[in-house]
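The values are calculated or read from the model by the stated rules, or taken from the named source; none is laboratory data. What you see is a predicted model; the values in this text were computed from it and never measured. Backbone-built Cβ (ideal geometry, glycine too); neighbour counts: all protein chains shown.
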Amino acid sequence: MDVREDVGRETDLRALGSPGMRREGGRAAGAGDAERACVYMRHCDLAQEKCRDEPPLTDLGSGRVSRCWFPNSIEATAPAAVGAGAALPPTGMVAGPNKQRLRIGLSIADARGRDPEADVRDATQDAATLCRDLGHNVRDVKLPVDGAAFADAFTLAWAAIASAVAKQVQMAAPGAPLDAVLEPLTIGLAERFDTAPQGAFENAIALLNEAEARYAAMFNDIDVLLTPVLGSTPPAIGEIGPLSGMDGFARVERYVGYTPLQNAAGAPAMSVPLAWSPKNGMPIGAHFSAAKGQERRLLELAYELEQAKPWSGRKPSVNAG
């Protein structure tokens, strides 16, 4: 599908029936009372009181629409995507490593203070050692958020999607049992959002915005953050899945405890396959992330790491049967 978004407010006509959250620089909103308001009004120079009500759809032609009270003024007030007025520097062509030595912050533990499984921990330590051997300055850092509060806020924002899906299903098929249409995890997340106390969603979005600011502040002292990608190597098929409902979701939260911070911050990150598990032969990624707009720095580092420890010829063993 060819979907075009200008300042996040335009979308292809064919996508209008798809439920979900609108995203803004890594921040997300949608569902409940919050979904009627324009999710950009907190940051939009054009925002007025009527933006608290759902904006109308305006046909812009060529299969594009705008859901905004001021569709003709958006581009005039938006920051330039490229050129001298760009909000972020252009990445440009990256053809090799940079000679600049980086300040790399290392966090083996996730935001809740939990260590990954031993093979992932050792692989991440090895990635840090490789960076030191290449001349980079690596030091331990602590992730800048309250892990439990952040996870709760992130989950509630995610649950808003499920709630929107469930409501759309109920509108499309009144009286149909949800468990005949939706998976247990979707239903469980929808219930979590729908039973949240008044104001919980707005508080969650405020906490995620604060996390974005805290994440950005980390890079006053470091250039790149290194953590594990996941808490373990990939689980067996069926160990984690949507049919396990909210009980399985708890295992998912433990498994993916490192990457949501970059999701919330709208920041670039990369998984670099620098190790293979001695336990099951699966590749283990090293998770490098940077400040918003610093994709080039990460890609240059990836070139350097691949030259130092090539991986293109390595393949995991077959794990089927």
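For region 101-120, indicate whether the set of residues that are β-branched (Val, Ile, Thr), in a loop (DSSP other than H, G, I, E, B) and outside the structural domain of residue 289 (by TED's automatic domain parsing) is non-empty. No, region 101-120 contains no residue that is β-branched (Val, Ile, Thr), in a loop (DSSP other than H, G, I, E, B) and outside the structural domain of residue 289 (by TED's automatic domain parsing).
Considering only region 167-183, state which residues are over 15 Å from residue 242 (Cα atoms) and part of a helix (DSSP H, G or I). Explain how you work it out, then say what you get.
Here is the first cut: in region 167-183, the ones over 15 Å from residue 242 (Cα atoms) are 167-177.
167, 168, 169, 170, 171, 172 - these are the residues of region 167-183 that are over 15 Å from residue 242 (Cα atoms) and part of a helix (DSSP H, G or I).
In the list 229, 256, which residue meets the criterion of being aliphatic (A, V, I, L, M) and in contact with a strand residue (DSSP E or B) (Cβ under 9 Å, 6 or more places away or on another chain)?
Details: 256 fails: in contact with a strand residue (DSSP E or B) (Cβ under 9 Å, 6 or more places away or on another chain).
Selected residue: 229, the only one of 229, 256 that is aliphatic (A, V, I, L, M) and in contact with a strand residue (DSSP E or B) (Cβ under 9 Å, 6 or more places away or on another chain).
Has region 285-303 got any residue that is under 16 Å from residue 158 (Cα atoms) and more than 18 Å from the chain's Cα centre (by Cα)? No - not one qualifying residue is present in region 285-303. Would you point out the residue of region 81-122, among those that are at pLDDT 95 or above, among the small types (Gly, Ala, Ser) and closer than 21 Å to residue 136 by Cβ, that is surrounded by the most Cβ atoms within 10 Å (Cβ to Cβ)? So, considering only residues that are at pLDDT 95 or above, among the small types (Gly, Ala, Ser) and closer than 21 Å to residue 136 by Cβ, the one surrounded by the most Cβ atoms within 10 Å (Cβ to Cβ) is 105.
Within region 106-131, the residues that satisfy the criterion of being touching a Ser or Thr at 6+ places or on another chain (Cβ under 9 Å) and β-branched (Val, Ile, Thr) are 108, 120, 124.
Has region 216-227 got at least one residue that is among the small types (Gly, Ala, Ser), surrounded by fewer than 16 Cβ atoms within 10 Å (Cβ to Cβ) and free of Cβ contacts under 8 Å to residues at least 24 places away in the same chain? Lay out the reasoning, then the answer.
The first filter runs over region 216-227 and keeps only residues among the small types (Gly, Ala, Ser), leaving 216-217.
Filter once more, keeping what is surrounded by fewer than 16 Cβ atoms within 10 Å (Cβ to Cβ): 216-217.
Going one step further and asking which of them are free of Cβ contacts under 8 Å to residues at least 24 places away in the same chain, we end up with none.
Looking through region 216-227, none of the residues is among the small types (Gly, Ala, Ser), surrounded by fewer than 16 Cβ atoms within 10 Å (Cβ to Cβ) and free of Cβ contacts under 8 Å to residues at least 24 places away in the same chain.
Being without any contact (Cβ under 8 Å) to a residue 24 or more places away in the chain, under 24 Å from residue 109 (Cβ atoms), among the acidic types (Asp, Glu) and in contact with a helix residue (DSSP H, G or I) (Cβ under 8 Å, 6 or more places away or on another chain) is a property that residue 253 lacks. Given the condition in the same structural domain as residue 293 (by TED's automatic domain parsing) and in contact with a strand residue (DSSP E or B) (Cβ under 7 Å, 6 or more places away or on another chain), answer yes or no: does some residue in region 141-154 qualify? The answer is yes, given that some residue of region 141-154 is in the same structural domain as residue 293 (by TED's automatic domain parsing) and in contact with a strand residue (DSSP E or B) (Cβ under 7 Å, 6 or more places away or on another chain).
Among helices (runs of 4 or more DSSP H) lying entirely in region 211-321, which contain 2 or more residues that are at pLDDT 90 or above and either touching a Cys at 6+ places or on another chain (Cβ under 7 Å) or assigned by TED's automatic domain parsing to the domain that holds residue 124 (or both)? Steps first, answer last, please.
Working: elements: 245-255, 260-265, 295-308.
Of the helices (runs of 4 or more DSSP H) lying wholly inside region 211-321, those with at least 2 residues that are at pLDDT 90 or above and either touching a Cys at 6+ places or on another chain (Cβ under 7 Å) or assigned by TED's automatic domain parsing to the domain that holds residue 124 (or both) span 260-265, 295-308.
The listed residues are 312, 277, 232, and the only one of them that is surrounded by fewer than 16 Cβ atoms within 10 Å (Cβ to Cβ) and of a type outside the set (D, E, K, R) turns out to be 312. Residues of region 123-133 that are surrounded by fewer than 18 Cβ atoms within 10 Å (Cβ to Cβ) and not polar (S, T, N, Q): 126, 132, 133.
Look at (1) in contact (Cβ under 8 Å) with a residue 60 or more places away in the chain; (2) among the small types (Gly, Ala, Ser); (3) closer than 16 Å to residue 124 by Cβ and you find that residue 285 fails only one, number (1). Being in contact with a Lys or Arg (Cβ under 9 Å, 6 or more places away or on another chain), under 19 Å from residue 98 (Cα atoms) and touching a residue at least 40 places away in the same chain (Cβ under 8 Å) is a description that applies to residue 290.
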